[in-house]
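What follows is one structure encoded as structure tokens, with my remarks underneath.
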Amino acid sequence: MTSSDIEESGERRLLVISYHQPTDGEIGGLRWAGFTKYLGRLGWKSWILTAAPPPTGSVPPGVTIEYCPPGRGLNGVYHRLRQALAIRRPPRPAGPAPVPSRGRPLATLLAPLVALRAEMAGLLTVWLQGHGWTLRSALRARALIARVQPHVVVSTSPPHIHHLAAWLATRGQAVRWIVDLRDPWASALAKSAEADAAHRSTLAKSLIAAAERLVIQSAHQVVTTTRELAAALTARYPRAPIRWVPNSVDTELLPAKSAHPFPGLAIAHVGSLYQGRQLGTVLRAFRAFLNRHPRAATAGSKLRQAGEIEVPQAEAIERDLREFDLGAHVDRLGRLPRTAALEILARSRLALVLAGDGDFQVPAKLYEAVAIGIPTLVVAPRDSAAGREATRVGALRVEPHDVDGITELLSQLWSEPERFASMSVHPTDHRALAPAMSAVLSGDGFGRDAPQNVVHLA
């Protein structure tokens, strides 16, 4: 298609750079898969550049998937380097710690080596986040820009490092670039995220901060998924145009609430357990509930966890299951296909959403459960982004360590289910938000010279 052909067609063209798409099973791919579907009904034509496997079925009208596979050899190199850098300490013998002949503790002598290992591990973590895709996607995006001449390019994250692909692809191009941050990057991190290897390394942390600064100050527009993150970034980058458009869900792809629910009080947590997302408080409350209602235990009440569990969380769950004698009442199903995970939700009586210790982000799973019509409990502080969003969409909410509050809620749900059948909920749908996103993409009332830095679009 030539430049004159494109201009004469009058169509609005969008290029989305998104590492994830629904075909790789990651929930991060759903945001722009949904938006581009409904933007097509508003006259947009979209190209999605992704590392996710190409879909086997049809795609929505007006959407083209451009597959760009990631590098294949980097993960193996990374793990070999991590193993080479690992310091394997023998078990410490009983008694006082050994002291070198000069009187300096062994830990003091090893401190420089330990610090070097932390720096290298942090740098390798940042490298791994690129998945060998950043430069590949930058070159491919630049070719797509020349071919389809989009009016706007959107790069979405995480992985955050791929915003650098959009930065490279748009250099010297007459095209608007919008950065879509679904989670915090270098700023406004949760405490648990700060413990990640990349943020324990001074050099890696500096590189991440520099990348965030370069991207945000270069983009024509920054979009976040929460008002709290938009406000935090505006305070840090007051000259950057920053807006927020909340996460949402494509209700056309969700199952209806099942007419064949699981027996007993069925609780579902669909999502990964990592960083600050822990089940401990819920498991303690579940044990208290079963003690209070023995019939619920014999009726088959269970908590079903569908999703990946990182090692620290898995170890904590094992301890809690033994301590609270919950082995027969907790199923760890692992990572499931999306359809199977949604079926678990649809057959449950309560959906559980763990927000962790992040004050600036909202788990996207919240919107699925609310839209299906399942009573949804969000475990989050009242003044966090997740806590406020729970209130807005009509979900239930408790503080992260409120065992008594969770126990009482479970008891009410078991004894008085009719109280929850008529709850007023307000699910957020991609279709409803598409006009607002279209306005952001078009630059209507937005941009570097807009009078307000934060506009509430929901």
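Details
- When VAL311, VAL270 are checked against the criterion of being open to solvent by 10 Å² or more (accessible area, probe 1.4 Å) and free of Cβ contacts under 8 Å to residues at least 12 places away in the same chain, VAL311 stands alone in meeting it.
- Between ALA351, ALA364, the distinction of being at pLDDT 95 or above and of a type in the set (A, V, I, L, M, F, W, C) belongs to ALA351 only.
- Candidate set: the stretch 24-76, residues that are touching a strand residue (DSSP E or B) at 6+ places or on another chain (Cβ under 7 Å) and without any contact (Cβ under 8 Å) to a residue 24 or more places away in the chain; chosen: the one surrounded by the most Cβ atoms within 10 Å (Cβ to Cβ): GLY29
- Of the numbered criteria (1) more than 23 Å from the chain's Cα centre (by Cα); (2) at pLDDT 90 or above; (3) not polar (S, T, N, Q), the one TYR38 fails is (1).
- Taken over the stretch 370-387, the criterion of being free of Cβ contacts under 8 Å to residues at least 40 places away in the same chain and open to solvent by 20 Å² or more (accessible area, probe 1.4 Å) is satisfied by PRO381, ARG382, ASP383.
- Any chance LEU214 is open to solvent by 40 Å² or more (accessible area, probe 1.4 Å), modelled with pLDDT under 95, over 28 Å from ARG388 (Cβ atoms) and not in a loop (DSSP other than H, G, I, E, B): no
- In the stretch 218-230, the residues that are surrounded by fewer than 22 Cβ atoms within 10 Å (Cβ to Cβ) reach residues that are among the small types (Gly, Ala, Ser) and part of a loop (DSSP other than H, G, I, E, B) with C-beta atoms within less than 9 angstrom, at least six apart or across chains, in these pairs: HIS220/GLY443; HIS220/GLY447; ARG227/ALA458.
- If the condition is being modelled with pLDDT of 95 or more and at positive phi, then the stretch 131-181 contributes only GLN149.
- All strands (runs of 3 or more DSSP E) inside the stretch 240-325 with 1 or more residues being more than 21 Å from the chain's Cα centre (by Cα) and either at pLDDT 95 or above or among the charged types (D, E, K, R) (or both): 266-270, 302-306
- LEU128 being modelled with pLDDT of 65 or more and either more than 20 Å from VAL440 (Cβ to Cβ) or of a type outside the set (Val, Ile, Thr) (or both): no
The values are calculated or read from the model by the stated rules, or taken from the named source; none is laboratory data. Just so it is clear, the structure is predicted and the values come from calculations on it, not from any experiment. Neighbour counts are summed over all protein chains in view; Cβ atoms, including those assigned to glycine, are modelled from backbone coordinates with ideal geometry. Just the protein is used for accessible areas: all its heavy atoms, side chains included, with ligands, DNA and RNA removed. Shrake-Rupley method; radii C 1.70, N 1.55, O 1.52, S 1.80 Å.
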